[in-house]
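S.K.: Handing you this structure, nothing more for now.
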Amino acid sequence: MVKQLSIFVQNRSGKLAAATSVLRDNGVDIRALTIADTPDFGILRILVDDAAKAEQVLVDNNFIVQATEVVVVAVPDEKGGLAALLEPMAESGVNIEYMYSLISRNVKDAYMVFRVTDNAAFLAMLAEKNLKHVTPAELGLK
């Protein structure tokens, strides 16, 4: 599993730039991100090369941060690749809370990041279906 950071940012001009600038200024590389927003705030979810360092520098700069374990899955980068993963998830009763894609330097697979209600059940289903989850080391993450 991979450690994801969720950063709560006000939905105001410059707040997202401030969070990413703190990471840049401290030598943290963002490898994947997604943002969900409401009228008042956004939740920036990121995978970074050094989650512990990123979490600390964000907290030190008065950002509200929550760490969460997510599962990254290698999906064949071809037509129907995602459906071939989502169908057995549905059959196994694994509920997706959210998901997003991860741009990979590896051109053969696409990577999907999943937050599910039961990581153990999800990992068991992946093993049963001979589908590969990706380790932090494979992504160059600490």
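The values are calculated or read from the model by the stated rules, or taken from the named source; none is laboratory data. Remember, it's a predicted structure, so these values are computed and weren't measured experimentally. Backbone-built Cβ (ideal geometry, glycine too); neighbour counts: all protein chains shown. Quick note on the areas: whole protein, heavy atoms, side chains included, nothing else; ligands and nucleic acids left out. Shrake-Rupley method; radii C 1.70, N 1.55, O 1.52, S 1.80 Å.
S.K.: Looking at VAL48, is it in contact (Cβ under 8 Å) with a residue 60 or more places away in the chain, surrounded by 17 or more Cβ atoms within 10 Å (Cβ to Cβ) and not acidic (Asp, Glu)?
M.R.: Criteria met by VAL48.
S.K.: With the requirement that a residue be within 24 Å of VAL48 (Cβ to Cβ) and open to solvent by less than 30 Å² (accessible area, probe 1.4 Å), what does region 120-142 give you?
M.R.: PHE122, LEU126, VAL134, LEU139, LEU141
S.K.: Give me the residue from region 12-50 that is among the hydroxyl-bearing types (Ser, Thr, Tyr) and in a loop (DSSP other than H, G, I, E, B) and, out of that set, nearest to SER101 (Cα to Cα).
M.R.: It comes out as THR38.
S.K.: Provide a single number: the residues in region 82-117 that are at pLDDT 90 or above and more than 22 Å from LEU44 (Cα to Cα).
M.R.: Of the residues in region 82-117, 13 are at pLDDT 90 or above and more than 22 Å from LEU44 (Cα to Cα).
S.K.: Could you check region 79-96 and list, in sequence order, the residues that are in contact with a helix residue (DSSP H, G or I) (Cβ under 9 Å, 6 or more places away or on another chain) and either in contact (Cβ under 8 Å) with a residue 12 or more places away in the chain or in a loop (DSSP other than H, G, I, E, B) (or both)?
M.R.: Result: LEU85, PRO88, MET89, SER92, GLY93, VAL94, ASN95, ILE96.
S.K.: Of the conditions (1) closer than 11 Å to LEU5 by Cβ; (2) surrounded by fewer than 18 Cβ atoms within 10 Å (Cβ to Cβ), ALA54 fails just one. Which one is it?
M.R.: (2)
S.K.: SER92 passes all but one of (1) loosely packed, with under 14 Cβ neighbours inside 10 Å; (2) of a type in the set (S, T, N, Q); (3) over 15 Å from ARG31 (Cα atoms); which number fails?
M.R.: Of (1) loosely packed, with under 14 Cβ neighbours inside 10 Å; (2) of a type in the set (S, T, N, Q); (3) over 15 Å from ARG31 (Cα atoms), only one is false for SER92: (1).
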